[in-house]
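Since the structure comes first, as structure tokens, the remarks are kept for the end.
The values are calculated or read from the model by the stated rules, or taken from the named source; none is laboratory data. Given the structure is predicted, the values throughout are model-derived calculations rather than measurements. As a convention, Cβ positions derive from the backbone with ideal geometry for all residues, glycine included, and neighbour counts pool all protein chains shown. With ligands, DNA and RNA removed, areas are computed over all heavy atoms of the protein, side chains included. Shrake-Rupley method; radii C 1.70, N 1.55, O 1.52, S 1.80 Å.
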Amino acid sequence: FTYDPSLAGAGTDAVYNYSFNYNGYHFIFLDSVRENNTGHINATWLAGDLAANASKESFIFLHYTVTLESVAIPEEILREVTDTPSGPIDMTKIDLDNRSAFLSLVSSHEANIAGIFMGHIHDNSRYYQNNINVPFVRTASTIQFPVGINVYKVYSNGFQQMFYKLPYYSEYAREFITPEAGYSDDYWEMGALGSTYDRNFTVLYSEVKVPPAVKTTAPAGGSTNVALNQPVIITFTKQMLTTDTQNAVTISPNLPGLSYTWSNLDTTLTIAHSNFTASTAYTITVGTGARSKDGMAFASASATAFTSGTSVAPAPPTASIDGIVNDITDDPTPTLTGIATDETSTIASVEYRVASQAGSNWRSCTPLDGAFNSNIERFTFTITPELIRGLHEVQIRCTNAAGVTTQSNFTSYSFYYVGFRPEIGLKADGTEIINGDPIKSNPSFEVTVATDKGLNLNNLKFYLDQTAVTPTLTIQKNNSTLTYAYYHPTMTDGSHSVRAEATDNQGNLSSKEAIGLLVQIGGDLNVYGAPLNYPNPFDPGGGSTTISYSLSKPANITLSIFDLGGNLIAKKNYSANQPGGKAGYNEVPWDGKSDSGVYVGNGIYIYLIMTDGKVAQNGKGKITVFKR
């Protein structure tokens, strides 16, 4: 937190402004509420923060609204949020009193502001303001208007907002919303939500272009005694165009036998070679020809220097993790221990990451004896930030004194965090289901229950359309801490709901439900929503694009790709109930090649999702190919 005592006092600027960097992005939280409840932001603090982080994409969050398109907002909503039941609506109650200064500041930094997220109106809508090319999003509140969860997925060329309204009495609300003073758990779970069909939506926001940069290198700059067979590993801040970037990387003096591999969605380049020359100073340079997948080139060259040693390291060090009792914990920040060993050198560092959390960075472990300086080392780490309930996986990598690091096949360990009551997983045909998902008419429902307090099997219940079907549950596995149960119904055409309930041996009850599950038996195939592909535009030389769509029922699918002249470029076939032809969500790749194996040229291509010789309803999309 940043606190400025000169701003203290009634009616002055709010003073609790803070920001942080995470996974290459910059997040800014503005305390925009004055003590007299008027809206104001500390423009001086914000200007300094944006200037200091001009190389990063920034996301700004504040309570007061900035966009005031009154035409787009129902009058009854404006009257409610401004507390003006009659007479002219007092917009000053929801606006910033230094709005023009804020917009001017945003305009001058629009190249590195990805989005601005505001409260008060809560219509979950995006707007652009005064020709500023930055999206302003009025984000839903949890207790005013529709109760829901906003999820933002950040990509190198933009970000995607997904809003999910929550069902009555849903475990989803309990999972994601923490009760505050004056509000019970039940209150937070009882939102009036609207129909299944207008509950959820997705919006893709325009890109914000920030040049890529080198995030880390291995060997690190200034390293000495680097093992002769240590690969060169460069991690970038954005997804990169692989060919352009490889051509822009030089190693001096030259190394024989270079080979290149990319990983982590083309953000990590590993360069293998036929060993460094002993006791030699090397420089790795990434030139300005390196480009990210959104077309941005390096702003300036990046160089890293190190010195090789005299020996070859035969293998990286290895590690093992001491497990949690029964692999289940009720601690949201559990502490784990383990042991690292190396056959030829000493342990230099041990790191962990939570592999089950997207974007999790490697974090340092602590040596139990105070220092990493021998070939066998005990270590410990406490997982932060707090875990959400469910199954998690942690991974370990080790580096020895010769600079050799674990690069693949990381030591991993999986466990459940369950909180104070049983944790329930609910799947259909092996896939987690959420409200409104299409499923096939004869699904296999899987209920997984994890608890550290023992499970009362007599109280393990499953409901289909509010009817208990407990006697037909098949218990496949039960060891008092982890239980797998299955139910195989034949379902009718239409909308259905399912709910699982479990009670542990201390009487703590949990439930998990999914409503509005759509079963279609007859009739034409429908694609729910618009099919999408990412990246779009995409460069076939830099990787594939992924086409995603949601089917109303299982079907044998033909995905046909045409140019604008109507010529068939490629045809892909997917079987019913298999990836590409399943009821519900599907993802299929296209590498940008025609069926003859030739990369297509720049332009727009049409794809059709077809079954039984005809195009499915809503089964049409566009792909833009742009070779850089």
Notebook entry, point to check: Among 617, 578, which is open to solvent by 50 Å² or more (accessible area, probe 1.4 Å), under 26 Å from residue 516 (Cα atoms) and part of a loop (DSSP other than H, G, I, E, B)?
Noted result: 578
Check: If we scan the range 299-307, do we find a residue that is modelled with pLDDT under 90 and surrounded by fewer than 15 Cβ atoms within 10 Å (Cβ to Cβ)?
Finding: yes
Checklist line | Where a residue in the range 268-284 is more than 24 Å from residue 213 (Cβ to Cβ) and its partner, wherever it lies, is of a type in the set (Phe, Trp, Tyr), with Cβ under 7 Å and at least six apart | finding: 276/282
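Being touching a residue at least 12 places away in the same chain (Cβ under 8 Å) and more than 31 Å from the chain's Cα centre (by Cα) is the filter here, so list the residues in the range 95-109 that pass it.
The answer is 95, 96, 97, 98, 99, 101.
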Margin query: On the basis of being out of contact with any Pro (no Cβ under 9 Å at 6 or more places or on another chain), open to solvent by 40 Å² or more (accessible area, probe 1.4 Å) and of a type outside the set (D, E, K, R), does residue 257 make the cut?
Written below: yes
Next item on the list: Only one of these is in contact with a Cys (Cβ under 9 Å, 6 or more places away or on another chain) and over 22 Å from residue 328 (Cα atoms): 366, 411, 406, 380. Name it.
Entry: 406
Checklist line | Counted residues, the range 405-428 - those being assigned to a strand (DSSP E or B) and either farther than 16 Å from residue 379 by Cα or within 22 Å of the chain's Cα centre (by Cα) (or both) | finding: 13
Checklist line | Selection from the range 494-551 of residues that are of a type in the set (Ser, Thr, Tyr) and under 30 Å from residue 420 (Cβ atoms) | finding: 497, 503, 510, 511
Notebook entry, point to check: Just a yes or no: is a residue in the range 442-459 in contact (Cβ under 8 Å) with a residue 24 or more places away in the chain and out of contact with any strand residue (DSSP E or B) (no Cβ under 7 Å at 6 or more places or on another chain)?
Noted result: yes
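Please enumerate the residues belonging to the range 393-443 that are among the basic types (Lys, Arg) and closer than 30 Å to residue 230 by Cβ. Let's see the steps before the verdict.
Residues of the range 393-443 among the basic types (Lys, Arg): 397, 421, 427, 440.
Listed by number, the list holds a single entry, 397.
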Check: Say we look at the range 497-517 and pick out the residues that are open to solvent by less than 20 Å² (accessible area, probe 1.4 Å) and in contact with a Pro (Cβ under 7 Å, 6 or more places away or on another chain); which of these is nearest to residue 602 (Cα to Cα)?
Finding: 510
Checklist line | Residues that are among the aliphatic types (A, V, I, L, M) and either modelled with pLDDT under 90 or loosely packed, with under 15 Cβ neighbours inside 10 Å (or both), drawn from the range 451-472 | finding: 455, 457, 460, 468, 469
Next item on the list: Considering only the range 21-120, give the strands (runs of 3 or more DSSP E) lying wholly within it that have at least 2 residues that are at pLDDT 80 or above and among the β-branched types (Val, Ile, Thr).
Entry: 113-118
Margin query: For the range 395-402, check the following and say yes or no: at least one residue is closer than 29 Å to residue 512 by Cβ, of a type outside the set (Ser, Thr, Tyr), under 32 Å from the mean Cα position of the chain (by Cα) and modelled with pLDDT under 95.
Written below: yes
Checklist line | the range 328-381, residues that are hydrophobic (A, V, I, L, M, F, W, C), surrounded by 15 or more Cβ atoms within 10 Å (Cβ to Cβ) and part of a strand (DSSP E or B) | finding: 328, 336, 339, 340, 347, 348, 350, 354, 379, 381
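In the range 308-327, which residues are exposed (fewer than 14 other Cβ atoms within 10 Å of the Cβ) and in a strand (DSSP E or B)? Give the derivation first.
From the range 308-327, those exposed (fewer than 14 other Cβ atoms within 10 Å of the Cβ) are 310, 314-315, 320, 322-323, 325; that's our starting set.
320 - this is the single residue of the range 308-327 that is exposed (fewer than 14 other Cβ atoms within 10 Å of the Cβ) and in a strand (DSSP E or B).
Would you confirm, using the coordinates I've provided, whether residue 402 is surrounded by 18 or more Cβ atoms within 10 Å (Cβ to Cβ) and not in a loop (DSSP other than H, G, I, E, B)? Walk me through how you get there before you give the answer.
Working: surrounded by 18 or more Cβ atoms within 10 Å (Cβ to Cβ): yes; not in a loop (DSSP other than H, G, I, E, B): no.
No; evaluated as a whole, the condition is false for this residue.
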